[in-house]
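Below is one structure, written out as structure tokens, with a few remarks after it.
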Amino acid sequence: MLDRAMAELVARGLVDRQGEVYCYRASSRADELCRKLFALYDKVVARPQKELLVRGILSLPGPRYLWRMSNLLDVLDKEGFASEDAIPFLDEEVGKDYIRRVKIIFVARVSFVPPAFIPYYRMSDFRSVEGDEYQQLKEQCQKLGLLMNEEQYLTGAYPPELSEPAVRYLEKEKREVGRRLREEAFNQWQGLTYSW
């Protein structure tokens, strides 16, 4: 495989071969190819770590949470997992039934920011709204001047063989991320409990 790749680089004039030794031929075309190859390498090497990060966050030990998708994407972005890569990965995980998407509708008199995390046990406080009832709710909110805010939330449902290594990765390699998220979830939920 390596011989084939090197032969291709020689054929394209990007590398010179002198016996068994290969030499880089400096040119703007070769520099551009190198830049692209290194960027691809970084992306390929980083993807498994980013996948572990997602799985670790959605499998944090302790109470299970529903994570507001926009907040999860912000955390991933800060850790180098851009939305254009994260969203397709999340979609794949949803397709494998490892992640569950939940759309939550908040109705309020005044504008507010929906919580970034919702403890899973609070799901019993919500109820399902389907088709016609959804439309009726929307109309009723408009009549009463209430605000209706729809948010996408995610929760992990990973089997132990995927969640355990991911949580270990989060606890060893990304300890600060896990600590910060637990703390934010606790603080936010403490504040909401008094106004719920």
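Side notes on the structure shown:
- All conditions but one from (1) touching a residue at least 60 places away in the same chain (Cβ under 8 Å); (2) touching a Leu at 6+ places or on another chain (Cβ under 6 Å); (3) of a type in the set (Gly, Ala, Ser) apply to Ser59; the one that does not is (2).
- When the stretch 95-132 is limited to residues that are surrounded by fewer than 10 Cβ atoms within 10 Å (Cβ to Cβ) and either assigned to a helix (DSSP H, G or I) or in contact with a Gly (Cβ under 6 Å, 6 or more places away or on another chain) (or both), the one that is modelled with the highest pLDDT turns out to be Gly95.
- Candidate set from the stretch 146-187 (those that are farther than 21 Å from Tyr98 by Cα and without any contact (Cβ under 8 Å) to a residue 12 or more places away in the chain); member that is surrounded by the most Cβ atoms within 10 Å (Cβ to Cβ): Phe186
- Every pair of residues 6+ apart whose Cβ atoms lie under 8 Å, when the first sits in the stretch 63-78 and is touching a residue at least 40 places away in the same chain (Cβ under 8 Å) while the second is of a type in the set (Gly, Ala, Ser) and part of a helix (DSSP H, G or I): Tyr65/Ala185
- The set of residues from the stretch 23-67 being modelled with pLDDT under 85, among the hydroxyl-bearing types (Ser, Thr, Tyr) and touching a strand residue (DSSP E or B) at 6+ places or on another chain (Cβ under 9 Å) comprises Tyr24, Tyr65.
- Some residue of the stretch 45-56 being more than 22 Å from Val177 (Cβ to Cβ), without any contact (Cβ under 8 Å) to a residue 40 or more places away in the chain and either in contact with a Cys (Cβ under 9 Å, 6 or more places away or on another chain) or basic (Lys, Arg) (or both): no
- Some residue of the stretch 126-134 being of a type outside the set (Lys, Arg), touching a strand residue (DSSP E or B) at 6+ places or on another chain (Cβ under 9 Å) and touching a residue at least 40 places away in the same chain (Cβ under 8 Å): no
For every residue, the table says whether it meets (1) of a type in the set (D, E, K, R); (2) under 30 Å from Tyr120 (Cα atoms).
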| site | (1), (2) |
| --- | --- |
| Gly19 | no, no |
| Arg25 | yes, no |
| Ala39 | no, no |
| Asp42 | yes, no |
| Ile57 | no, yes |
| Pro61 | no, yes |
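The values are calculated or read from the model by the stated rules, or taken from the named source; none is laboratory data. The shown structure was predicted, so the numbers you read here are calculated from the model rather than taken from an experiment. Neighbour counts are summed over all protein chains in view; Cβ atoms, including those assigned to glycine, are modelled from backbone coordinates with ideal geometry.
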